[in-house]
Structure formats: structure tokens, C-alpha cells
1. Looking at (1) outside any loop (DSSP other than H, G, I, E, B); (2) under 26 Å from L10 (Cβ atoms), can you tell me which one K72 breaks?
2. Take S31 and tell me if it is more than 20 Å from the chain's Cα centre (by Cα) and not basic (K, R).
3. Filter segment 1-28 down to the residues that are under 20 Å from the mean Cα position of the chain (by Cα) and exposed (fewer than 10 other Cβ atoms within 10 Å of the Cβ) and list them by number.
4. Could you list, in sequence order, the residues of segment 34-50 that are open to solvent by less than 90 Å² (accessible area, probe 1.4 Å) and in contact (Cβ under 8 Å) with a residue 24 or more places away in the chain?
5. Regarding segment 51-67, can at least one residue be identified that is open to solvent by 70 Å² or more (accessible area, probe 1.4 Å) and under 13 Å from the mean Cα position of the chain (by Cα)?
6. Given the structure, is R34 assigned to a helix (DSSP H, G or I) and not aliphatic (A, V, I, L, M)?
7. Name the single residue, out of those in segment 45-75 being of a type in the set (D, E, K, R) and in contact with a Lys or Arg (Cβ under 8 Å, 6 or more places away or on another chain), that is farthest from D4 (Cα to Cα).
Amino acid sequence: MAEDKVLKELIPRINELSKKKKEQGLTEAESAERKDLHQKYLKRFKENMRSQIEMVQVYNKKGKEITSDKVKNIQRKKGLRDD
């Protein structure tokens, strides 16, 4: 998966807040920040995963494409397929 700069920026702060939560607890503001960062992280992760899945073409051992119809349709809409 390609490097995501947004995730690279979010992860250190999420980890910092998680460590602080375990060691001494968080203020209400920090808890809210942690929750917000976690939601941003999950949203971005899901977007990246969806993008990766939409780019995949699956073939069986005989070389026949067995990509799901749902993924094929998404690929067609995005102009990734010629069929």
C-alpha cells in the first residue's frame, strides 16, 4: 500500500495519547481529541483499503478472471476496465 502522509501524521499523536491514557489518564479535551483522531484514522484507513480492493483483479489457477461483479462494476465506473 502506498504511503499515506495523513496517517503518518495521525499515528504518532494517537500513540502519544494512548500511552498517556495508560500511564496517567486523559483530560476531557485530550479524550475528545483522541476520539476525533481515531475517527479520522479509521475513515482514512477504510478509504485506502477500499481503493486497494477496487484495483484488484483476481484470477484462478487456469488464468480465468474471477473478480467479483461488484468490483468489476466499480472498476468500469472509474474507467479502470475496458470490457
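1. (2)
2. So S31 fits the description; yes.
3. Within segment 1-28, M1, A2, E3, K5, K8, P12 qualify.
4. Within segment 34-50, L37, H38, Y41, R44, F45, N48 meet the criteria.
5. yes
6. Yes.
7. Looking at the filtered set, the residue picked out is K72.
The values are calculated or read from the model by the stated rules, or taken from the named source; none is laboratory data. None of these values were measured; they are calculated from a predicted model. All Cβ positions, even for glycine, are placed from backbone atoms using ideal geometry, and neighbour counts span all protein chains on display. Accessible surface is based on the protein model in full, side chains and every heavy atom, while ligands, DNA and RNA are left aside. Shrake-Rupley method; radii C 1.70, N 1.55, O 1.52, S 1.80 Å.
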